[in-house]
Amino acid sequence: MNEKLKIGLDFAAPVPLHTDFSKGNFEGFEVDLMNQIAAELNLELEYSVSFWKDIIRDLQDKKIDVICSAATKTSEREKEFLFSRPYLDFHLGVVCYQSNRLSLDDLTGKRIGVRISTEAEKYLKEKFSDIKLEYSDSNEELYSQLRKKEIDALLDDSPIAFGLTQDNPELSISSLLPDTSAQYAIMLNKNNLDLKKKLDVCMDKFSSNGLLEELQQKWFKGAEL
């Protein structure tokens with residue numbers, strides 16, 4: 001019997017990295033990636049879904065083994081957690097109506113939506129003192145606010161913004177922020193060095209054999225991330 005790997009997922013499903021686990025037809029870039037890792041390491045995958053702050057706590061308490069749910073690798077997080085080698089490069093992007101395209105310079109004085117406890121929230125707080133932040137727990141709520149014009153724009157990771165604007169053609173990524181280059185990686189408990197080493201071997205293999213590029217083309221074809 002294969003060893004189980006417990007994976008934490010964000011309740012705010014970051015489509016197309018992964019869809020909502022509770023609604024069936026569970027798929028996405030990270031789903032394919034974890035299935036490949038499971039095959040390489042002879043693991044059985046078990047998923048747990050909760051709010052971001054809760055899966056972070058579960059990882060600290062070793063209730064789950066990893067988080068693979070659009071987890072951005074940052075120097076601040078590396079003080080508390082381990083990360084695998086990254087699997088996707090991206091930027092933050094401004095999302096707004098096609099008819100009212102905004103750049104970063106246009107955000108002053110505007111109502112900007114972000115998900116709680118994200119790098120987008122942190123970035124806006126550091127860069128602006130004169131915008132009104134509107135918070136959401138989920139992507140569905142965040143993009144709904146923009147569609148209803150309750151906010152003027154939102155700031156999101158470009159892979160997630162790409163996925164969620166595909167079903168909302170009236171919305172688009174108006175600009176990528178060049179000073180926000182970032183990477184997604186699998187997040188682990190600080191003490192789980194053995195698993196990190198195994199994941200890094202997988203990532204090196206998937207990078208060299210073209211699997212990561214193949215997955216990016218499958219899920220983000222034509223996207224500028």
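What follows draws every value from the coordinates through simple rules; no lab data is involved. Just so it is clear, the model here is predicted, and its values are computed rather than measured. Every residue, glycine as well, gets a Cβ built from its backbone with ideal geometry; the counts of neighbours run over all protein chains shown.
Before moving on, here are some points about what is shown:
- The GluC sites (Glu not before Pro) found in region 39-143 that occupy coil by DSSP, while having at most 16 further C-beta atoms within 10 Å, are 76, 80.
- Neighbour-limited loop hits for chymotrypsin sites (Phe, Trp or Tyr not before Pro), region 124-200 (at most 16 other Cβ within 10 Å; DSSP other than H, G, I, E, B): 128
- Here region 166-225 and region 34-52 have alpha carbon centers that stand 16 Å from each other.
- Extension gain for residue 6 to residue 122 (0.36 nm times residue separation, less C-alpha to C-alpha distance): 38.9 nm.
- Footprinting exposure proxy ranking of 54, 105, fewest other C-beta atoms within 10 angstrom first, gives 105, 54.
- Gyration tensor verdict on region 116-174 (Cα atoms; rounded if a/c is under 1.5, prolate if a/b is larger than b/c, oblate otherwise): prolate
- Cα principal axis extents for the chain, largest first, Å: 55, 33, 33
- Residues whose amide H lies under 5 Å from that of residue 12, counting only those 5 or more places away or on a different chain, are 52; hydrogens are built 1.01 Å from N in the peptide plane.
- For residue 4, the lysines whose Cα falls under 16 Å of its own Cα, not counting residues fewer than eight places away in the same chain, are 62, 63, 196, 198.
- Only helices enter this figure: runs of n ≥ 4 DSSP H residues, each worth -39500 (n - 2.57), summed and divided by the residues of the chain, yield -10000 deg cm²/dmol at 222 nm to the nearest 500.
- Cross-link reach list, lysines versus residue 110, counting only Cα pairs under 20 Å and skipping chain neighbours closer than eight places: 122, 125, 127, 132, 148, 149
- Sparse packing (at most 14 other Cβ atoms within 10 Å of the Cβ) combined with a DSSP loop state is found for the following trypsin sites (Lys or Arg not before Pro) in region 184-220: 190.
- Order of 81, 29 under a 10 Å beta carbon neighbour criterion, fewest first: 81, 29
- For the pair residue 140 and residue 48 in one chain, pulling the backbone fully straight at 0.36 nm per residue adds 31.2 nm over the alpha carbon distance.
- Of the residues 22, 129, 174, the one with the fewest other Cβ atoms within 10 Å heads the list, and the complete ranking is 129, 22, 174.
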